[in-house]
Structure formats: C-alpha cells, structure tokens
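Trainee: Please see the structure below; I have some questions.
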C-alpha cells in the first residue's frame, strides 16, 4: 500500500474508533458466537447468531436497509456483506421468536439482495461494492467479493424457504454462477498449483486466501448444496473442505492464528476479534462435516488465546505488520 493510501487508512481507522456516533467498525466487531440451535444437513437458522447485528442502530435508508458509515470521503455506503449478515441475524430472531419486526427486516434485506445483483465486466451476476477500499492494493469501485456471494446466497435461500417466493431462489441461482468461475473468468474462485480451490474474499493478484471470508463463503456453498443437491455444488463444497483441511496448519504460527496468506516476509496475524471468529467458525465446520481436524485446531487456537503472552505477541505482530505493509 502506498504511503498516501496508508495514511488515509489510518485516518479512517482512527476516525472510526474514536469519532462520535456509529461507524462501519461498530457493525463488524460483535462477539463471535456459534448458534446453539445449529443443525446440519438441513436449512435451518444460520450457523452464527449475529445477535448484536440484528439490532444495528446505525444509518438506515428510507427502506430500512442498513448503511455503514466509513467516514471521510467514503461516507455512508451499502455493503452487501453487512446487509446479508443483518438479514441472517434477523432471520435467526424470526425463526426462534416469531418476531414480526425481524421477519420484515430479513425479507427487506433479501429484497435488496435480489434487486441489486449486477453483472460485472465478465457478465457474471455479483453484488458490487460502489466505493474504493484500501486493502493490500486499492480496490477500485465497483468491486465484488466471494464472501458477499456466499452470505448473500445463504440469506436468499432462507428467505425463499420461509416465504415460498421463487424469485429469491432465482437470485440465489444467479449469484451462484460466480462460485463456479475463477477470478480470471469473472468469478470468485482461485485454483492454486496444488489444485486446491479457494473462495477469495478480495479479488487481488496474487490472492491472499483470507480465512474467515473463505469459511463464511463455504457455508453459502453448503446451503446451496442442501437446496439444490447438484453434483456441482456438493463437489465444490467437498473441494473447499479439502482445501481447508490441507491448509489449516499454514494459518497456525505456533502461538496465534493468521488472518490470511499474505505472502509477505512477516505474516499477517489475526486481530483478537478475528482469532476468536476463526475458533467459532472452525467449531461450526466440525459440526457440519464431523472432521476432527476442525475441532482439534479450534481447541489449540482457543488455548493460545488464554495465554497472556500470546495475546501480547499477537498484538505486537499485528501492529508491526500494519506499519510495514497494509
């Protein structure tokens, strides 16, 4: 990241944390919690609760759809990932409590996703982000994300099951096309030299394989395979699970989990929030697949987080990485 972009990044982060009112970070950083009512092999409540997200009190548009305030030049923006998570949070609340307000919210989010699929330059239907975003490189608007595709599909399928509306199913089918194409073809997949299949949260070259975004997106593939039990969806899910089991050790640096495979000399460790999110996601993966490696890795990473020295080392490594890279 160029120096100017890095300074802009830090100004935005400081403003988000220290400025008045709600920022985009307020939405993302709730306590990660697995849904205790999780079931496998059928489309029930979503796998994480997202309970705090259901009550998001930041900016909403006239239709009640949440916008995230990125402050500065970016300002309030629709974020398809946030809209999907807000919808899934309210779907959980609706199913568990038959809350009419929650029903209205998750259907509103589903309507937005249905109506805002756009074809990218390769003619693939995606949910676009219409603002620039500084990651490793600046992602120029409009850009799309494998995470958005996976979680949007997860919500649309649940909305279809709850409402009986086929237009939600049609939108989910359209969105799934991106998960059958590589990024070079306008999709969100990357196939590495070992034939491992990755779903990329950010489409950059070389890819960075962000762990939390990959896992969340894989849940969308799993949900699609439950609704449309095609060999394509089931095969993609199985290949993604195989990628995870083969590569989980690469995300373990001996005292903490890594956020991504940055390819930098100093690896990018996860923040404390994302480390906890990884643990929760792996426990969900264990319930969905019954593969011991997910539970064993979650146990090890949870043990890391109980150690005060490990927490301090992770914070130091994260801070140095941000100063040196992005």
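Trainee: Being surrounded by 12 or more Cβ atoms within 10 Å (Cβ to Cβ) and at pLDDT below 95 narrows it down to one residue among 326, 304; which is it?
Mentor: When all the criteria are applied, what remains is 326.
Trainee: Continuing with the same structure: Within the stretch 226-245, can you find the residues that are closer than 22 Å to residue 292 by Cα and free of Cβ contacts under 8 Å to residues at least 24 places away in the same chain?
Mentor: Result: 234, 235, 237, 238.
Trainee: Something else: Report yes if residue 186 is modelled with pLDDT of 95 or more, buried (at least 18 other Cβ atoms within 10 Å of the Cβ) and touching a helix residue (DSSP H, G or I) at 6+ places or on another chain (Cβ under 7 Å), otherwise no.
Mentor: no
Trainee: Of the residues 239, 234, 250, 313, which single one is in contact with a strand residue (DSSP E or B) (Cβ under 6 Å, 6 or more places away or on another chain) and in a helix (DSSP H, G or I)?
Mentor: Among 239, 234, 250, 313, only 239 is in contact with a strand residue (DSSP E or B) (Cβ under 6 Å, 6 or more places away or on another chain) and in a helix (DSSP H, G or I).
Trainee: OK, next. Just to confirm my filter: which helices (runs of 4 or more DSSP H) fall fully inside the stretch 1-92 and include at least 1 residues that are modelled with pLDDT under 95 and over 28 Å from residue 282 (Cα atoms)?
Mentor: 3-18
Results for (1) surrounded by fewer than 18 Cβ atoms within 10 Å (Cβ to Cβ); (2) in contact (Cβ under 8 Å) with a residue 24 or more places away in the chain; (3) over 21 Å from residue 288 (Cβ atoms), shown as yes or no for each residue.
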| residue | (1), (2), (3) |
| --- | --- |
| 47 | no, yes, no |
| 58 | yes, yes, yes |
| 62 | yes, no, yes |
| 65 | no, yes, yes |
| 74 | yes, yes, yes |
| 77 | yes, yes, yes |
| 95 | no, yes, no |
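Trainee: Of the numbered conditions (1) within 19 Å of the chain's Cα centre (by Cα); (2) assigned to a loop (DSSP other than H, G, I, E, B); (3) within 23 Å of residue 287 (Cα to Cα), residue 204 satisfies every one except a single condition; which is it?
Mentor: The number of the failed condition is (3).
Trainee: A further question follows. Being in contact (Cβ under 8 Å) with a residue 60 or more places away in the chain and either within 21 Å of residue 121 (Cα to Cα) or assigned to a strand (DSSP E or B) (or both): is that true of residue 218 here?
Mentor: No: the conditions fail for residue 218.
Trainee: I've got another one for you. So if I check each of 88, 113, 147, which one is under 17 Å from the mean Cα position of the chain (by Cα) and over 28 Å from residue 184 (Cβ atoms)?
Mentor: After applying the criteria, what remains is 88.
Trainee: Could you go through the stretch 142-157 and let me know if any residue there is surrounded by fewer than 16 Cβ atoms within 10 Å (Cβ to Cβ), out of contact with any strand residue (DSSP E or B) (no Cβ under 8 Å at 6 or more places or on another chain), farther than 23 Å from residue 32 by Cα and at pLDDT 95 or above.
Mentor: No, the conditions are met nowhere in the stretch 142-157.
The values are calculated or read from the model by the stated rules, or taken from the named source; none is laboratory data. None of these values were measured; they are calculated from a predicted model. All Cβ positions, even for glycine, are placed from backbone atoms using ideal geometry, and neighbour counts span all protein chains on display.
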